[in-house]
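Asker: My questions all concern the structure below.
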């Protein structure tokens, strides 16, 4: 339906099942209607198995990047979430692997722990990485004004303070070195969109 109606879309995923639709994605890309970001948290398979047990392996995600790139689909990598004192040392390694697989763009998100997620994550930390748990949580609080989450727009995804600035600077430096994020990001073509002829039309605001 998306292709039939020429509907542009962006996809962010940590799964490999996206390759089932490679032919469709290729055709959408030829019409400048799709972009994809693959989320990679860590290249450490052991950490991935405990943190994201049902998600694709790091190598499977990099394979997705390679195959999408080969098919002409604009693809980038989302280094997310960056977990202080646990995965932060991998930022450059993830970007290097992504660039080698063919990614041309990258972004990152710092760990945020809203609502019930905070208690679940702390429990996970104390079970799997007890020696690092307090250090991880203290870094998060330092980036979030003393809390585990800061919902403010423009702050919640990156954090504030010296640690957040350091990770951001490392990320930017690695992207420059690897040729990532060079030039303007690919723009999706919204002018091709075709309405379903029989679809109901939304009334005007003052009708």
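Asker: Would you list the helices (runs of 4 or more DSSP H) that sit entirely within region 108-204 and hold 1 or more residues that are touching a strand residue (DSSP E or B) at 6+ places or on another chain (Cβ under 9 Å) and at pLDDT 95 or above?
Answerer: Correct list: 133-143, 161-178.
Asker: For residue 33, indicate whether it is over 17 Å from the mean Cα position of the chain (by Cα) and loosely packed, with under 14 Cβ neighbours inside 10 Å.
Answerer: Considered against the rule, which asks whether it is over 17 Å from the mean Cα position of the chain (by Cα) and loosely packed, with under 14 Cβ neighbours inside 10 Å, residue 33 comes out as no.
Asker: It is to be established whether one or more residues within region 80-90 are part of a helix (DSSP H, G or I), in contact (Cβ under 8 Å) with a residue 12 or more places away in the chain, under 25 Å from residue 174 (Cβ atoms) and touching a helix residue (DSSP H, G or I) at 6+ places or on another chain (Cβ under 8 Å).
Answerer: Scanning region 80-90 turns up at least one residue that is part of a helix (DSSP H, G or I), in contact (Cβ under 8 Å) with a residue 12 or more places away in the chain, under 25 Å from residue 174 (Cβ atoms) and touching a helix residue (DSSP H, G or I) at 6+ places or on another chain (Cβ under 8 Å).
Asker: Show the residue pairs meeting these rules: Cβ distance below 7 Å; 6+ apart or different chains; first residue within region 15-37 and more than 30 Å from residue 49 (Cα to Cα); second residue exposed (fewer than 14 other Cβ atoms within 10 Å of the Cβ) and modelled with pLDDT of 95 or more.
Answerer: Listed pairs, sorted by first residue: 26/72; 29/72; 30/72.
Asker: Follow-up question, since we're still on this one. Go through region 188-207 residue by residue and tally those that are in contact (Cβ under 8 Å) with a residue 12 or more places away in the chain and loosely packed, with under 10 Cβ neighbours inside 10 Å.
Answerer: Counting residues in region 188-207 that are in contact (Cβ under 8 Å) with a residue 12 or more places away in the chain and loosely packed, with under 10 Cβ neighbours inside 10 Å gives 3.
Asker: Can you tell me which residue is surrounded by the most Cβ atoms within 10 Å (Cβ to Cβ) among those in region 1-30 that are closer than 26 Å to residue 120 by Cα and in contact with a strand residue (DSSP E or B) (Cβ under 6 Å, 6 or more places away or on another chain)?
Answerer: Here the residue is 14.
Asker: Next up: Cβ-Cβ under 6 Å, sequence separation 6+ or interchain: first residue in region 107-122 and without any contact (Cβ under 8 Å) to a residue 60 or more places away in the chain and on the phi < 0 side of the Ramachandran plot, partner assigned to a loop (DSSP other than H, G, I, E, B) and surrounded by fewer than 19 Cβ atoms within 10 Å (Cβ to Cβ). Which pairs?
Answerer: 109/157; 110/158; 112/149; 112/156; 113/149; 114/149
The values are calculated or read from the model by the stated rules, or taken from the named source; none is laboratory data. The shown structure was predicted, so the numbers you read here are calculated from the model rather than taken from an experiment. Ideal geometry is used to build each Cβ from the backbone, glycine not excepted, and the neighbour counts take in all protein chains shown.
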